[in-house]
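Below you'll find the structure, written out as structure tokens, and then a few comments.
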Amino acid sequence: MNKLDRTIEKAASNERIDFTEAFTLLNEAELLKLAELANKKRQRLNPEPVVTFVVDRNINYTNICISGCLFCAFYCPPGHADAYVISKKELKEKIEETLSLGGTQILLQGGLNPSLSLDYYIDLLKFIKDNFPVHIHGFSPPEIAFIAEKSSMSFEDTINKLIDAGLGSIPGGGAEILVDEIREKISPNKCSANEWIEVMEAAHKCGLRTTATMMFGHMEKPEHIIEHLMKIRNLQDNTGGFTAFIPWTFQPDNTRIKVEKTTSVEYLRVLAVSRLFLDNIQNIQASWVTQGDKIVQTALVFGANDLGSTMIEENVVAAAGVKFRLPKEEMIRLIREAGYKAAQRDCFYNIIKPH
Amino acid sequence: MIIMKYSFLDKSLYEIKDKVVSGERLGFVDGIALYKSNDLIGIGYLADYVRRKLHGKKAFYVYNQHLNFTNICLNRCLFCAFSRDDGEKDAFALSIDDVRSRLMERINEPVRELHVVGGLNSSLSFDYYIELLNTIKEVRPDSTIKAFTAVEIDYIARIGGLSIEKTIARLKKAGLEMIPGGGAEVMSNRVRKKLFPRKIDSNRWLEIMEALHSAGLTSNATMLYGHIETLDERVDHLMKLRELQDKTGGFAAFIPLAFHSQNTRLSHLPGTTAFDDLKNIALARLMLDNFSHIKAYWVMIGERLAQVALSFGADDLDGTIIEEKITHMAGAKSAKGLSRAQIEYLISSAGFTPVERDSFYGKIG
Ligand code: SF4
Ligand code: SF4
């Protein structure tokens with residue numbers, strides 16, 4: 001038996017696969033074989049034929065950012081004509097609208113804005129919590145690291161202060177590829193791979209659940225993708241704090257990285273390998289914002305059991321020229337047509353409303 | 001040898017697998033069972049088995065150009081976003097000179113095939129069609145002319161006052177070499193009455209196809225799905241095509257066409273989903289055992305899903321079309337044209353070998 005066949009057998013018998021095995025699968029396995037293996041794993045971890053989604057809104061509190069990541073079509077340098085920090089009035093309207101549409105949470109993220117201090121974030125969280133019954137999924141690790149550094153505080157102290165002010169969970173953004181060699185090229189001013197992991201470790205220790213993401217399809221090689229998965233899996237072995245993993249593809253339009261856009265087959269292969277490799281993370285989310293309705297429906301047999309958010313607003317990706325929109329009804333339709341039951345969930349993947 | 005070790009989630013597919021592996025023809029009930037199954041991976045494995053036996057890892061595409069010479073049409077089918085009445089604001093009919101300049105615009109490109117279709121426009125004469133073909137041949141002597149659906153052939157015969165056979169002979173002499181597969185929609189009188197009452201019926205469509213094949217012309221076949229048709233009607237459609245193919249062997253490829261409702265009088269209908277699109281590709285590969293090629297028409301299902309379809313029975317991605325009109329008028333979200341490099345990248349990054357072909361699936365170069 002060759003290495004590929006041995007690996008396939010190992011994965012099929014539900015054994016944990018290692019770095020080189022994941023590498024072999026990613027590079028060599030047939031597309032349908034990856035689907036078969038990932039789907040089996042999905043059925044072991046999530047035996048119910050249910051596909052979940054969350055109704056929420058992405059609120060970008062500021063687009064001012066000093067990081068200047070090469071792939072980002074969203075940020076503005078300080079002083080730019082389009083630069084903004086959200087007003088309380090606008091924030092209030094956005095949250096009211098979210099709640100009226102049956103939303104349960106907001107995804108609160110922004111740039112690394114040097115004019116905002118810890119007090120700003122605390123005030124922002126308190127304002128939301130004092131006025132609305134809404135879960136706040138906010139501040140990805142680069143933001144936390146930025147706030148901590150500015151206030152000369154540890155990650156844990158920073159996170160605890162934010163929790164006290166109302167932070168409910170942390171999104172796994174800003175991970176891109178957790179390999180510094182790549183981060184130095186595409187996001188040189190953002191937190192390092194280790195810092196990203198350390199923020200997540202601190203968050204899990206403080207009792208927060210978080211997601212993890214991966215953005216691929218820019219300058220990384222296949223081994224970097226596996227290295228990324230390895231770092232996530234190792235931390236999850238220690239803390240168990242990740243609720244879900246969300247791989248998504250880099251959208252090259254309007255950015256300074258000139259590469260061919262990752263194809264759907266490449267996306268589905270990475271998705272399937274993620275499902276197989278991350279045997280300790282319960283949920284895998286398909287990214288309809290980057291993949292569109294047809295590929296996320298297909299992703300349901302490549303290991304995904306969640307379709308993420310009905311996203312009432314998505315500035316960061318929209319700025320890079322992606323126009324996929326998927327209202328709730330459409331999401332339910334495509335889940336059902338694929339033979340699954342659809343259910344709205346909360347941030348912790350508890351089902352709050354079956355459809 | 002190709003092995004299929006998959007343990008089917010849908011146990012009813014085992015019976016079908018046995019037939020597929022032993023080369024036994026699938027029947028009506030098998031078709032229905034496949035459509036009703038949600039074991040998408042299993043369906044994919046079955047179709048891929050057949051696809052590999054026929055084509056290995058090859059995936060074909062053609063460097064082509066679309067030419068829609070008029071959108072004025074007497075039929076005004078309910079599902080059509082392309083057609084207009086004469087005199088409507090964006091109605092058009094290209095003069096022979098317009099056609100010539102359209103072709104000249106891209107004369108430096110290595111276009112192998114011209115895909116030429118239009119509405120049934122009462123202001124165009126029999127001679128127009130002949131001249132159209134003559135002109136294309138004159139400007140593009142080395143490209144294949146794939147033109148006029150069976151619906152148009154029927155119409156051209158009527159305005160020329162000629163038999164189908166004579167009409168075909170005249171068109172052939174003027175340069176016609178191949179016939180696109182459109183116009184059959186879904187071969188059901190029930191659907192026809194509701195959606196395309198003025199268009200020729202399925203018997204006539206098959207009759208014309210048979211006449212074309214007897215005259216030595218090759219054609220494609222299509223099925224428009226995702227509107228009001230039933231699964232029974234779909235399977236029935238495939239079986240009718242298979243029957244004619246047994247008789248004539250004149251079909252080159254089958255192309256499932258996903259219905260796009262936007263800007264049509266059926267705009268309340270939602271679009272097809274990926275599961276349905278992939279099943280239609282796979283079903284076609286499995287039911288149409290006497291067709292060599294199954295095309296994933298990326299204009300309709302999007303280039304991203306068409307790429308996936310290569311593992312679900314499709315062996316052809318159609319063309320490097322530029323300026324596709326018919327589906328984009330109905331709101332298709334796919335790109336308007338793909339370059340050769342883009343189409344080859346789609347194929348190779350899916351693990352297949354791109355093969356540029358001519359209209360008859362001969363390899364170029
Ligand atoms: S990706 Fe985030 S950190 Fe990077 S420039 Fe954009 S907003 Fe700033
Ligand atoms: S589908 Fe063809 S025959 Fe029907 S209205 Fe449109 S152009 Fe005319």
Can you find, among A:252, A:187, A:349, the residue sitting farthest towards the positive end of the charge dipole of the range A:3-354, where Lys and Arg contribute +1 and Asp and Glu -1 at Cβ? A:349
Pairwise FRET efficiency - residue A:282 versus residue A:184, Cβ, R0 = 35 Å, nearest 0.05: 0.60
If you fit an axis through the alpha-carbon atoms of helix B:126-139 and take the longest principal axis of the Cα set of chain B, what angle between them do you get, 0 to 90°, nearest 10? 80
For the range A:76-118, what does the alpha-carbon gyration tensor say about shape, rounded, prolate or oblate, given a ≥ b ≥ c as the root eigenvalues, a/c under 1.5 as rounded, and a/b over b/c as prolate? prolate
How shielded is B:264-275 by partner chains, expressed as the average number of their Cβ atoms within 10 Å of its Cβ atoms? 4
Hey, if you put +1 on the Cβ of every Lys and Arg and -1 on every Asp and Glu Cβ in the protein assembly as shown, which of A:20, B:121, A:281 ends up farthest toward the positive end of that dipole? B:121
To make sure I understand the rule: partners must be lysines, Cα under 21 Å from the Cα of residue B:146, and not fewer than 8 residues away in the same chain. Which ones qualify? B:137, B:166, B:172, B:173, B:199, B:295, B:325, B:336, B:363
Over the C-alpha atoms of the range A:1-134, what are the Rg and the largest Cα-to-Cα span, Dmax, in Å? 22.7, 65
For peptides B:188-199, B:168-179, sequence by mean Cβ density within 10 Å, most packed first: B:168-179, B:188-199
About the Cα centre of the range A:3-354, how large is the charge dipole given +1 on each Lys and Arg Cβ and -1 on each Asp and Glu Cβ? Please answer in debye to the nearest 20. 720
Roughly how crowded by other chains is peptide B:302-314, in terms of the mean Cβ count from those chains within 10 Å of each of its Cβ atoms? 4
Take every DSSP beta bridge whose two residues both sit in the protein assembly as shown, then give the antiparallel share in percent to the nearest 5. 10
Please report the antiparallel percentage of the DSSP beta bridges confined to chain A, to the nearest 5. 10
Let's see if you can work this out: charge +1 on each Lys and Arg Cβ, -1 on each Asp and Glu Cβ, no other charges. What is the dipole magnitude of chain B about its Cα centre, in debye to the nearest 20? 320
Which order do peptides B:251-261, A:218-228 fall in by mean Cβ count within 10 Å, highest first? B:251-261, A:218-228
Within-13-Å neighbourhood charge of residue A:163 [Cβ basis; K, R +1; D, E -1]: +2
Shielding by partners, peptide A:335-348 (average Cβ within 10 angstrom, other chains): 2
May I have the extent of the alpha carbons of the range A:220-300 along their three principal axes, as whole Å values ordered from largest to smallest? 38, 27, 18
Taking a straight Cα-to-Cα line shorter than 17 Å from residue A:261, and setting aside same-chain aspartates and glutamates fewer than 8 residues away, one finds A:176, A:220, A:253, B:303, B:344
Just want the ordering: B:281, A:136, from fewest to most Cβ atoms lying within 10 Å of their own Cβ. A:136, B:281
Taking only Cα atoms, what is the 0 to 90° angle, nearest 10, from helix B:164-173's long axis to the longest principal axis of chain B? 80
If you take every DSSP beta bridge whose two residues both sit in the range B:2-357, what share of them, in percent to the nearest 5, is antiparallel? 5
Candidate lysines for bridging to residue A:88, where Cα separation is under 17 Å - those fewer than 8 sequence places away on the same chain excluded: A:126, A:129
Which order do peptides A:196-206, A:177-187 fall in by mean Cβ count within 10 Å, highest first? A:196-206, A:177-187
Debye log10 I(q)/I(0) for the range B:1-140, one point scatterer per Cα, at q = 0.10, 0.17, 0.18 Å⁻¹: -0.64, -0.87, -0.92
For residue B:107 and residue A:341, extending 7 Å from Cα along the Cα-Cβ vector and measuring point to point gives, in nm, a value of 6.6
Restraint check, B:53/B:247; A:231/B:58; B:194/B:240, Cα-Cα greater than 29 Å: A:231/B:58
Taking N as its residue count, the alpha carbon Rg of chain A over 2.2 N^0.38 Å: 0.95
Binning at 5 angstrom from zero up to the longest distance, how are the C-alpha pair distances of the range A:234-275 distributed in percent? 5, 18, 19, 17, 15, 12, 10, 3
Modelled label-to-label distance, residue A:2 and residue B:139, 7 Å Cα→beta-carbon offset: nm? 5.0
Would you list the P(r) distribution for the range A:168-238, with all Cα-Cα distances sorted into 10 Å bins from 0 and each bin expressed as a whole %? 20, 55, 23, 2
Considering every pair of different Cα atoms, what Kirkwood radius, in Å, is found for the protein assembly as shown? 27.5
Taking the 0 to 90 degree range and rounding to the nearest ten, how far is the long axis of helix B:202-214 tilted relative to the main principal axis of chain B, both from C-alpha atoms? 80
How large is Rg over Rh for chain B, taking Rg from the Cα atoms and Rh as the Kirkwood inverse mean of 1/r across Cα pairs? 0.95
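Every number in this text was worked out from the coordinates using simple rules, so none of it is lab data. What you see is a predicted model, and the numbers here were worked out from it, not measured in a lab. Cβ atoms come from the backbone with ideal geometry, glycine included; neighbour counts cover every protein chain shown.
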